[in-house]
1. Could you list, in sequence order, all residues of the range B:13-26 that are over 11 Å from B:G43 (Cβ atoms) and of a type outside the set (G, A, S)?
2. Could we say that B:G60 is modelled with pLDDT under 95 and either open to solvent by less than 40 Å² (accessible area, probe 1.4 Å) or assigned to a loop (DSSP other than H, G, I, E, B) (or both) here?
3. With (1) under 19 Å from the mean Cα position of the chain (by Cα); (2) at the interface with another protein chain (Cβ under 7 Å from one of its Cβ atoms); (3) open to solvent by 10 Å² or more (accessible area, probe 1.4 Å) as the list, and C:R146 as the residue in question, which single condition is left unmet?
4. Please go through the range A:192-208 and pick out each residue that is under 21 Å from A:G77 (Cα atoms) and small (G, A, S).
5. I'm trying to understand the selection: among the residues of the range C:191-211, which are open to solvent by less than 50 Å² (accessible area, probe 1.4 Å) and more than 14 Å from chain A (Cβ to nearest Cβ)?
6. Return only the number of the condition from (1) within 23 Å of A:T223 (Cβ to Cβ); (2) touching a strand residue (DSSP E or B) at 6+ places or on another chain (Cβ under 7 Å) that A:I67 does not satisfy.
7. If I filter the range C:59-68 for residues that are closer than 23 Å to A:A217 by Cα and within 14 Å of chain A (Cβ to nearest Cβ), do I get at least one hit?
8. Out of all the residues in the range A:176-200, which are part of a helix (DSSP H, G or I) and touching a Gly at 6+ places or on another chain (Cβ under 8 Å)?
Amino acid sequence: MAGGELGTRVQRWFLPAVALGLAVLLGLTLVGPRRGRSEVILATTTSVDDSGLLDVVIPAFTAGSGIAVRVVAVGTGQALAYARRGDADVVLVHAPEAELEFVAQGHGVERRPVMYNEFVLVGPAADPAGVRGLKSLAGALERLAAAAAGGASGRAGGGPAPPVRFVSRGDRSGTHLAELDLWRAAGLDPAGFDRAWYLEVGAGMAETLTLASERGAYTLADTSTFVAWRSRLALEVLVAQEPPLKNPYHVIAVNPARHPRVNHAGALALIEFLTSERGRAIIREFGRERYGEPIFRLEAGGQVGPP
Amino acid sequence: MPAPAFRLEGLVKSYGGRRVLDLESLEVDAGSVWAIVGPSGAGKTTLLRLLNGLEKPDAGRIWFFGQELTAANGLPALEVRRRMTMVFQTPVLFTATVAENVAYGLRVRGVDQGSVARRVARALDLVGLAGTERRGARSLSAGEAQRVSLARALVVEPEVLLLDEPTANLDPANAAIIESLLRRASGEMGVTVVLVTHNLFQARRVADHTGFLLDGRLVETGPTREFFERPADPRTRAFIRGEMVF
Amino acid sequence: MTEALRLLVSLDPELWGIVLLSLGVSGTAVLLSALLGVPAGAALALWEVPGAAWVARFTYTLMGLPPILAGLVVFLVLSARGPLGHLQLLFTPTAMVLAQTLLVLPIVTGLTLAGVRSKDRAIRELALSLGATQWQAAWRVVLEARRAIGAALMAGFGRAIAEVGAVMLVGGNVRGHTRVMTTAILLETRQGNFEVAIGLGLVLLAVAFAVNAAFYRWQEGA
């Protein structure tokens, strides 16, 4: 009897309680914590975010300035698209041509170099195309294409040679655009390549490296991602160009004249910090402890001038 | 003397510790029409489910035409089960046409296509629904649905037909049709009928034997006329007069 | 948006390849799930197996499995260092089918279970009382639950065709090999080509609608 009474009482309260709970949640969503005035939205690429650099740099910046940063990590194209719509205050990307176009169209100001890494050709240790030790990336790609088309690479040794494959980012990222430039320099057009050996993945650097590792394929990689992922990959650096093929990262503030609602002061403060001696020191040391070498490099001399 | 359609002995069934059925003995002669009356909760439906083999008794035995009904475990043997059919209180129809519903019992018995169509048509004609073969079962009224259920149960020409309050949810006209069909099934086809009902008038109209079930026990059984005109037990008398005994 | 629609009507072979691969991968995943999940769900609903309640609870929980997690499991199993690495299935449509099957199977099993259970007792007893064998009665219950099972298959198809995390991880979004509609949309979005992404999204919805319409037409007829 008492149990039944309790049961109905619980039932009677159950629905209103759930409804109230939902209403409170909805209210919190609508009036809850919003973007503070002092917060800066940084749109950057997944390669920067995946490296873990921002987990070190941003807290240091916030501690000194009191400005919170919300990091949105997307593709370079998407980061610039956010900025073009005024949805971000500042971008940190690595696609020089797209960046210059972005600035030329009046969307960005205060473009400054922050750091760079290097593009290298990585591949299986067996190196079926025989490109190890070459000093030109374009030359290596040319030899690779020939080996893939010709089948055998002409190397000495028994057994059938493993197939030569190349994995392309295929996502119009900075790395992909650099790769296309290299094919052009080699006098080749990837559009005509056989898809059996030239795989366009349309994915991030880490996914692309994983796929190349699984398939025993070559790919063009940035050293930052490669160093961070090396322990999980059956790949090694086969061609590092002399002088290095740099992959520079620039920071750009979204133009407040074009997008009045952006947090321009916060954006400038972040740019200032990233190019300051203190910011440069953090970037220079990042990764040395964990991977034995820094993830990103800085131009020698320390002076970072305007573009 | 042929074996009775059902012979029960010491039948006990409990649910969750509550004894819902406790029958000392009962015999249902082949070809007879039995009505089991009683208030709701008396154990009428449980009795039918035991007779049909859908449930097993906790104790006691059931003989079906002289053959022990209850198997060691699970359902009674298929050949035995196929000699009887059952009509439930709420007509449950398959989501299919009327013809497919009526044909079900024939199909599971592997009857050939030609005879199926012929027998379905005849059964539908019997229940006054000739020509409705292609209608969807969902489009039927409650009365039509119950008549289809009856056609579906009779089409396999069972020796025993069990009915659980078949007219409880029906209007008087449809109830009358069902009742006359039961009399015809008994008279023309020789089907043994066990009808569970709380409707005393129905028992009086249809059955030749009536039993009164109260709190899981058979209080009194007898030929229907005697049962109603000279009940021996005071509780039966009270129930027949419509006095509350439960 | 106009770009994607233009490509579609102009029968652009690459776009059509992507659409067909999406349908092929998700359709195969649903087919596999139907072959395994419908009998499994029906069995769980119809037979009192010890532990069936726990299996059912586990199945319902897996209905909320995050696609990326399903992808990760398949990835680890199929990767070169995984137990099935020698099969070299990673970054193939087969791997995508496996990952999506992992997502769809619990849905088909769980919804079949619920659908059959709602029909179970009354239909089964009716069939038995009309002389059906246990198997015939069970089959009748499944037949009666066919609409629920159809809805389960469509829900599974919807989840498969719309998910991106698992196919991205185990398929790799390789152009001409493992690129499907969702990964193509993701790729365009990451490049900032929002219009093309939306256009592809509309194509995806149109394809899903066409599949649903065809399925329900078939089910009504059956």
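The values are calculated or read from the model by the stated rules, or taken from the named source; none is laboratory data. Quantities reported herein were computed from a predicted structural model and do not represent experimental measurements. Cβ: placed from backbone, ideal geometry, glycine included. Neighbour counts: every protein chain shown. Note: accessible area is taken over every heavy atom of the protein model, side chains too, but ligands, DNA and RNA are not part of it. Shrake-Rupley method; radii C 1.70, N 1.55, O 1.52, S 1.80 Å.
1. Those that are over 11 Å from B:G43 (Cβ atoms) and of a type outside the set (G, A, S): B:E24, B:L26.
2. yes
3. It fails just one condition, (2).
4. Once the filter is applied, which keeps residues that are under 21 Å from A:G77 (Cα atoms) and small (G, A, S), the range A:192-208 yields A:G202, A:A203, A:G204, A:A206.
5. Let us first name the residues in the range C:191-211 that are open to solvent by less than 50 Å² (accessible area, probe 1.4 Å), namely C:191-192, C:194, C:196-197, C:199-201, C:203-204, C:207-208, C:211.
Correct list: C:G199, C:G201, C:V203, C:L204, C:V207, C:A208, C:V211.
6. Tallying (1) within 23 Å of A:T223 (Cβ to Cβ); (2) touching a strand residue (DSSP E or B) at 6+ places or on another chain (Cβ under 7 Å), A:I67 fails exactly one: (1).
7. No: the range C:59-68 contains no residue that is closer than 23 Å to A:A217 by Cα and within 14 Å of chain A (Cβ to nearest Cβ).
8. The answer is A:H176, and nothing else.
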